[in-house]
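**Q** Have a look at this one before I ask anything.
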Amino acid sequence: MIEIQKIVKTFGRRVVLRGADLTINEGDFVTLMGANGAGKTTLMHIVANLSKPTAGRVLINGYNLADAASQLRRFIGLVSHKTLLYDDLTADQNLNFYARMYDVPHAAERIETVLRQVGLWGRQHDPVRTYSRGMQQRLAIARSILHNPPILLLDEPDTGLDQHASDMLGKLLHAVGVSQRTILMTTHNLERGLSLGNRVVILANGKIACDVRRNEVSVDELRRQYFKFVTSN
Amino acid sequence: MTEQVKPLSNTATAAPAAPGGLTGYFRKVLAIVRKDVAAEIRTKEMISAMLVFSLLIILIFNFAFDLRAENINTVAPGVLWVSIAFAGMLGLSRSFILELDRGVLDGLLLTPVDRSAIYFGKMIGNVLFISVVEIILLPVFVILFNQPANILPMLAGVVLLGTIGFAGVGTLFSAMAVHTRAREVMLPIMLFPVVVPVMLSAVRLTAGILDQVPFEDVRHWGVLLVAFDAIFVAASFMLFEYVVEE
C-alpha cells in the first residue's frame, strides 16, 4: 500500500503540490491525470524517492520512505519520460548493470525472461542508440521490472510512441504482469488511462481533485470532469 | 539505524535484500566501474579527447619555452601537471554528463545502493581513464624533456597519487557542476582553487624526481600529497549524497 500524505512541494516560490493526499491499495492500478505542470511528475518523483517533499510524507506498507529509502527503493520500478538507459551500451549490458545494482539472482535467466516479455530478445547485443523510440521504451519497461518490483511507477510511458506502439503498451504492461503489481501511472490520454487503470485520479491546483473507480465513470464523464478541474486550475 | 523493511506482500516479489557488508558494496562499485569502462571502450570519446589534448599541451609548451639544459627541470614539472590537470578536466566534465543523458543518473539513484558506492565507482573510473592517458603521456614527456628513462617508475607513482587527489575531489565537483547551466565553465572554476594543495605537492615531488634529490628532501611534499588525497576522498565520500540528491 502506498500512502501519500499531505505532500507539499515548492520550487523556490512556486508551489507545485499543496497537500496532495492519495492512498493506493495493493494491486490497484491508479491512473494519475492532470494538466501540464500540474505536478504529476513531481509527485511521481517523490514516490520514487528521487525528490524530497517540502512537507508531508510517503508511506510504503507503513514504512516512511524518508526513513527507509535505501531499503524501499528495491520495491519500486520506474518508467520515466527518459529511458534511464545508457545509449552506448547494449540492451544486455544495460540490464546486466541494473541487475548487479539490484542484486537480481540468476541475472542471465531473468534478463532473457524480461527481454522476451517485451519482444526484444534477439536484439540484446545491439547498442540502445540503434533502437527506435518504441523499442527503447520497451527496454525501459524491461529495466523497470528486472528486479520484479511490487510497485511500478509509469510516468507517461506513452511519451514519444506512435499510435501503434501506444496501443501495444497496454498489452505489453499485461505481458509484464501488471496485475501482480501496485501501479501508479500518469498519462494525458483519457481513454488509455481509463482502459488500463482501475482508478482514475485527477491532480489539479496541487491537490487530488477527483478520485473515481473505473466502473463508476464513462470516458465522456471523465472528460467533463477532467476539463472542469483543468480549466479551474 | 532504520528498521529492516519486510518484503511487500504483493504477488510480485522484489529481488532479495542485498548481500550485506563490504562484499555487496564493492560489487556495486565494481559494476559502476565496469559499466563506465564498457561505455568508454565502445565510444573511446573520453580517453581519445584527453590523450590528444594532453599531448598537444606538452608539445605546445615544449615549443613555446626556450628549453635549455639548465632550465628544463624548472619548467618540466609544471608542464606535466598542467597537461594532466587540463586533460583530466576534460574527462571529469564528461563523467557525469554521460549519466545525465537519458536520465540515467535518476536510474542510478533509484537503485538500492549507498550513494557513496556511486561516488567510488565514478571516481575509480575517472582515475582509470586519466591513468590510461598518463601511461602514454609520461614516456612522451620523458623524451621531449630529455629525462632519463629510469625516473619513469618514480614519476608514475607521484602521478598516480596526484591523480587520485585530483579525481577524488573532481568527481564530487563534476556531480555538482552537471546540474548547473554553464557546467563546462563551472567545473574548472570550482575545482582548480580547491585542488591547489594536490597540484603544488605533486609538482614539487615531480621536480624532486627530475632533479634527483634525495627522497628525504621532498618527503614532506609526499606526506602532504597523501594527506590531501585522504582528506579529499573522505570529504567527497561524505558529501556526495548531498550533492546528487535534491
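The values are calculated or read from the model by the stated rules, or taken from the named source; none is laboratory data. No experiment lies behind these values; they were computed from the predicted model shown. Ideal geometry is used to build each Cβ from the backbone, glycine not excepted, and the neighbour counts take in all protein chains shown.
**Q** Return the pair list, or none, for Cβ contacts closer than 6 Å from residues in the range B:19-48 that are in contact (Cβ under 8 Å) with a residue 12 or more places away in the chain to residues that are among the β-branched types (Val, Ile, Thr), at least 6 apart or on different chains.
**A** B:28/B:113; B:33/B:124; B:47/B:132
**Q** Could you say which residue among A:169, A:154, A:173, A:146 is buried (at least 18 other Cβ atoms within 10 Å of the Cβ) and over 20 Å from residue A:116 (Cβ atoms)?
**A** A:154
**Q** For residue A:219, all conditions in the list (1) crowded, with 17+ Cβ neighbours inside 10 Å; (2) of a type in the set (A, V, I, L, M); (3) away from chain B (no Cβ under 14 Å) hold save one; what is the number of the exception?
**A** Residue A:219 satisfies all of (1) crowded, with 17+ Cβ neighbours inside 10 Å; (2) of a type in the set (A, V, I, L, M); (3) away from chain B (no Cβ under 14 Å) except (1).
**Q** Between a residue in the range A:168-183 that is closer than 27 Å to residue A:3 by Cβ and facing chain B (nearest Cβ under 8 Å) and any residue that is surrounded by fewer than 14 Cβ atoms within 10 Å (Cβ to Cβ) and at pLDDT 80 or above, which pairs come within a Cβ distance under 9 Å, given they are 6 or more apart or on different chains?
**A** Short answer, once both residue conditions are applied: A:182/A:25.
**Q** Consider residue B:155 against the criteria (1) of a type in the set (A, V, I, L, M, F, W, C); (2) farther than 28 Å from residue B:65 by Cβ; (3) in contact with a helix residue (DSSP H, G or I) (Cβ under 6 Å, 6 or more places away or on another chain): it satisfies all of them except one. Which criterion is unmet?
**A** In the conditions (1) of a type in the set (A, V, I, L, M, F, W, C); (2) farther than 28 Å from residue B:65 by Cβ; (3) in contact with a helix residue (DSSP H, G or I) (Cβ under 6 Å, 6 or more places away or on another chain), residue B:155 misses (2) alone.
**Q** Still on this structure: For the range B:43-56, how many residues meet the condition of being of a type outside the set (Ser, Thr, Tyr) and surrounded by fewer than 19 Cβ atoms within 10 Å (Cβ to Cβ)?
**A** 7
**Q** Identify the single condition in (1) touching a residue at least 12 places away in the same chain (Cβ under 8 Å); (2) surrounded by 23 or more Cβ atoms within 10 Å (Cβ to Cβ); (3) over 14 Å from the mean Cα position of the chain (by Cα); (4) closer than 23 Å to residue B:32 by Cβ that residue B:141 does not satisfy, given that it satisfies every other one.
**A** (4)
**Q** If a residue has to be more than 14 Å from every other protein chain (Cβ to nearest Cβ) and either over 29 Å from residue A:19 (Cα atoms) or not in a helix (DSSP H, G or I) (or both) to count, how many in the range A:184-209 make the cut?
**A** First, pick out the residues of the range A:184-209 that are more than 14 Å from every other protein chain (Cβ to nearest Cβ): A:185-209.
Keeping just the survivors that are either over 29 Å from residue A:19 (Cα atoms) or not in a helix (DSSP H, G or I) (or both) gives A:185-189, A:197-209.
Residues in the range A:184-209 being more than 14 Å from every other protein chain (Cβ to nearest Cβ) and either over 29 Å from residue A:19 (Cα atoms) or not in a helix (DSSP H, G or I) (or both): 18 in total.
**Q** Moving to a separate point now. Out of (1) away from every other protein chain (no Cβ under 11 Å); (2) modelled with pLDDT of 80 or more, the odd one out for residue B:24 is which?
**A** (1)
**Q** Of all the residues that make up the range A:1-47, how many are within 12 Å of chain B (Cβ to nearest Cβ) and touching a His at 6+ places or on another chain (Cβ under 8 Å)?
**A** Residues flagged as within 12 Å of chain B (Cβ to nearest Cβ) and touching a His at 6+ places or on another chain (Cβ under 8 Å) within the range A:1-47 amount to 1.
**Q** Right, another one. Are there any pairs with C-beta distances below 7 angstrom linking a residue in the range A:89-107 that is more than 17 Å from residue A:76 (Cα to Cα) to a residue that is hydroxyl-bearing (Ser, Thr, Tyr) and surrounded by 21 or more Cβ atoms within 10 Å (Cβ to Cβ), with the two at least 6 apart or on different chains, and if so which?
**A** Final answer for the pair search is A:94/A:86.
**Q** Out of the residues in the range B:230-246 that are without any contact (Cβ under 8 Å) to a residue 60 or more places away in the chain and within 14 Å of chain A (Cβ to nearest Cβ), which is nearest to the chain's Cα centre (by Cα)?
**A** B:242
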